[in-house]
Amino acid sequence: MQWILFMLLLFISSVEMLMQNRRKNQASAGLFENCTGCVMCSEENGCLACQQRLFLLIWRDGIRQYGACVHACPPGYFGVRGQEVNRCTKCRSPSCESCFSKDFCMKCKEKFYLHRGKCFSACPPNTTAQHSTRECQEMCEVGPWSEWSLCSNEGRTCGCKWGSKTRTREVVRSPKEEAVTCPARLESRKCRMRKHCPGGEEWGSAGSC
C-alpha cells in the first residue's frame, strides 16, 4: 500500500515538473519574441531600450506594462524621436487612427470624420461630409438675396412683351478648396411687362397691353 502511494506521489510530482518546464519554455519563447531589436530586455516588462531607429512601444496589461521595439508605430500612435530613445506615443483622441502629434489627428477611425485635426461623429456646421475621404469639407457661405430687379426685356422696362427679373447674393465666406462649388448667386424668373412706355408707345406689340 505504501509503495502504491509512493508511486502516485512520484507521478504527480513528475507531472508538476513537466508543466513548470513547459511554462518556462513558453515564457522564454515569448520573451525572445518580445526582445527582438532590444538593447535591454526584462522578463517581467519586455524591452526597456531599443536599437537605433526603432521605436519603443509600451502598453499596459492591468497594473503591469510591457515594452516592444517596432519599426513603425501601430494605429493610434505616432513616433517621437529623441536623443536617448525613440518612443511610440498614443494619440489623445480614442477615435483617431493616425496622428501627427498628440492633439492633431490625420486619419479617423471608421464612422468618424476628420476636420482640422479632430474627429467628429457628425460634421460641424457649415461643413459637409465627404464619405469617400471620411473628411468634413467646408462649404461656401453666401449672404441673403437682394430684392428682385425691375422686369425688363433687352434693357427696356416697358412694353407688352414678356421679360425677366433677377436677384443676387454675395459670398460671405469662401473655402480654400478650389473644388468646392458655391450655391447659386444669381436667380432669374419670367415676368410680364404691362407698363405703357412714355408717350403711349407700346414696344413690341401693335395692340394694347
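The values are calculated or read from the model by the stated rules, or taken from the named source; none is laboratory data. Just so it is clear, the model here is predicted, and its values are computed rather than measured. Positions of Cβ are generated from backbone atoms using ideal geometry, with glycine treated the same way; all protein chains shown enter the neighbour counts. The accessibility values were calculated without ligands, DNA or RNA, using every heavy atom of the protein model including side chains. Shrake-Rupley method; radii C 1.70, N 1.55, O 1.52, S 1.80 Å.
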Within the stretch 144-153, is even one residue closer than 29 Å to residue 79 by Cβ, open to solvent by less than 70 Å² (accessible area, probe 1.4 Å) and touching a Cys at 6+ places or on another chain (Cβ under 9 Å)?
no
Unique match (being farther than 28 Å from residue 79 by Cβ, open to solvent by less than 60 Å² (accessible area, probe 1.4 Å) and assigned to a strand (DSSP E or B)) among 159, 163:
163
Of everything in the stretch 180-209 that's closer than 18 Å to residue 146 by Cβ and in a loop (DSSP other than H, G, I, E, B), which residue is modelled with the highest pLDDT?
185
With respect to residue 129, determine if the residue is of a type in the set (A, V, I, L, M) and open to solvent by 60 Å² or more (accessible area, probe 1.4 Å).
no
Where residue 159 falls short, out of the listed (1) in contact with a Phe, Trp or Tyr (Cβ under 9 Å, 6 or more places away or on another chain); (2) within 30 Å of residue 40 (Cα to Cα):
(2)
Counted residues in the stretch 43-96 being surrounded by 21 or more Cβ atoms within 10 Å (Cβ to Cβ) and among the acidic types (Asp, Glu) come to 0
